[in-house]
Amino acid sequence: MNTQRKVIHVDMDAFFASVEQRDNPKYRGKPLVVGGSPEKRGAVAAASYEARQFGIHSAMPSRTAIQRCPHLIFAPPRFEIYREVSEQIRSIFKAYTDLVEPLSLDEAYLDVTINKQNQSSATVIAREIKKAILRKTKLTASAGVSVNKFLAKIASGMNKPDGLTVIQPAEAEPFIASLPIESFYGVGRATAAKMQALGILTGADLKQRSVEELSAHFGKVGWFYHQIARGIDERPVNPNRIRKSIGAETSFDPDIEGRAAMEQKLDAIAQEVQERIERHSANGRTITLKVKFADYRQITRSRTMQEYVSNKGQILGIAKELLRGVELEAEKVRLLGITLSNLDTEVDELGYKQMELDLPFEVKSHEVFHDIYNH
């Protein structure tokens, strides 16, 4: 294990909701979500800690949220404000290091092994950053400190809100051994279920499996699982991280039905995807269609091409073909989305093209919610 690096992961606490409570005193101490109202068939983008006590979480349908908490407050998203606050926070990070890798508006990795303050303790730096964020934005953040990104990410979520957790090098392997597999960053819900079916319930179980066995079950990412079970994560903090996908989606009120109507809606979505592709000067090889039904069931269908695609005609054509493979019968649809991934501009955190190694890292995107609320 590399014990030389000092990595901090900073994650703002209930970021969107906390900004709204900061700016509107009547929201403070009350269950609040940022998102579309139930009447407009919206979804929860962020939930305050008061709302989370009712089991409300991001991506939950607003109708479900209001059923769980009838006095829930809905605040429309203000992404320009969130971006402004995010820039304030990043300016604080830059006072310590230029090795800052944002994951989204509200979280980032920092490599402070060598830092601008000549501070030898990453824990001291994390504490100072938390204080500076509170002083400048009146918002709290949680931080995790360890020897690599994997451990720092897990540590930051352990004592929220306003937490600071340090995993020392000597603590790493026993900590990982006791960690439930579903708590591993990089192991999604479906992968966790597959691992549990194989008898892999904890980090200790994962460590017992060979890289050959993990690769047989999980493909090339099996190597990554083999590494993190031992606390090994050599990914650098990358200040020039490039997005892994570009997409757009639209929700409908009322729901739509009939394949022809859905194909017509896909036309506008494909146009928006192309415009975003052009802004990022990107091409991609994998097109994913997302369909959410009226009962909130959701499916995705993907196709990976040998050649890169980027224009609306190609994107729309493949999306329509994917839709034809979906059993619709008489079902109504409340949301459609198209995503382009395996981008030609993209090199993942391990230095490989994403098409060669598809790590299942969670990616937050405010643009998804922006699409939902503006269509």
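Annotations for the structure displayed:
- Condition met for Ser62 (touching a Leu at 6+ places or on another chain (Cβ under 6 Å), surrounded by 14 or more Cβ atoms within 10 Å (Cβ to Cβ) and closer than 30 Å to Arg297 by Cβ): no
- Taking the criterion of being out of contact with any strand residue (DSSP E or B) (no Cβ under 8 Å at 6 or more places or on another chain) and either exposed (fewer than 15 other Cβ atoms within 10 Å of the Cβ) or not assigned by TED's automatic domain parsing to the domain that holds Asp11 (or both), the residues of segment 83-100 that qualify are Arg83, Glu84, Glu87, Gln88, Ser91, Ala95, Asp98.
Matching residues to (1) free of Cβ contacts under 8 Å to residues at least 12 places away in the same chain; (2) hydroxyl-bearing (Ser, Thr, Tyr):
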| residue | (1), (2) |
| --- | --- |
| Lys207 | no, no |
| Glu213 | yes, no |
| Val221 | no, no |
| Phe224 | no, no |
| Arg230 | no, no |
| Asp233 | no, no |
| Pro236 | no, no |
| Ser245 | no, yes |
| Leu266 | no, no |
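- All positions within segment 205-261 that are part of a strand (DSSP E or B) and surrounded by 14 or more Cβ atoms within 10 Å (Cβ to Cβ): Ser245, Ile246, Gly247, Ala248, Glu249, Thr250, Ser251, Phe252, Asp255, Ile256, Glu257
- All positions within segment 273-299 that are surrounded by 13 or more Cβ atoms within 10 Å (Cβ to Cβ) and either of a type in the set (Lys, Arg) or in contact with an Asp or Glu (Cβ under 8 Å, 6 or more places away or on another chain) (or both): Arg276, Ala282, Asn283, Gly284, Arg285, Lys290, Lys292, Phe293, Ala294
- Residues that are at pLDDT below 90, on the phi < 0 side of the Ramachandran plot and of a type outside the set (Asp, Glu) within segment 18-56 comprise Gly36, Ser37, Pro38, Lys40, Gly42, Ala43, Val44, Ala45, listed in sequence order.
- Any chance Glu329 is assigned to a loop (DSSP other than H, G, I, E, B), at pLDDT 65 or above and not assigned by TED's automatic domain parsing to the domain that holds Ser215: yes
- Inter-residue pairs, beta-carbon under 9 Å, first closer than 23 Å to Arg5 by Cβ and in segment 158-182, second assigned to a helix (DSSP H, G or I) and polar (S, T, N, Q), 6+ apart: Gly163/Ser156; Leu164/Thr123; Leu164/Ser156; Thr165/Ser156; Val166/Thr123
- Among the conditions (1) in contact (Cβ under 8 Å) with a residue 12 or more places away in the chain; (2) assigned to a helix (DSSP H, G or I); (3) more than 23 Å from His9 (Cβ to Cβ), Ala190 misses just one, which is (1).
- Selection from segment 101-128 of residues that are buried (at least 20 other Cβ atoms within 10 Å of the Cβ) and part of a strand (DSSP E or B): Glu101, Glu107, Ala108, Tyr109, Leu110, Asp111
- One residue stands out in segment 155-175 among those that are assigned to a helix (DSSP H, G or I) and modelled with pLDDT of 95 or more: the one that is farthest from Gln53 (Cα to Cα), namely Ala155.
- Residue satisfying condition, being β-branched (Val, Ile, Thr), crowded, with 22+ Cβ neighbours inside 10 Å, closer than 29 Å to Val237 by Cβ and within 16 Å of the chain's Cα centre (by Cα), within set Val19, Val34, Val10, Val44: Val10
- Restricting segment 213-247 to residues that are of a type in the set (A, V, I, L, M) and modelled with pLDDT of 90 or more, the residue that is farthest from Asn115 (Cα to Cα) is Ala216.
The values are calculated or read from the model by the stated rules, or taken from the named source; none is laboratory data. On a predicted model such as this, the values are computed, not experimentally measured, just so you know. Cβ sites come from the backbone with ideal geometry, for glycine too, and all protein chains shown count toward neighbours.
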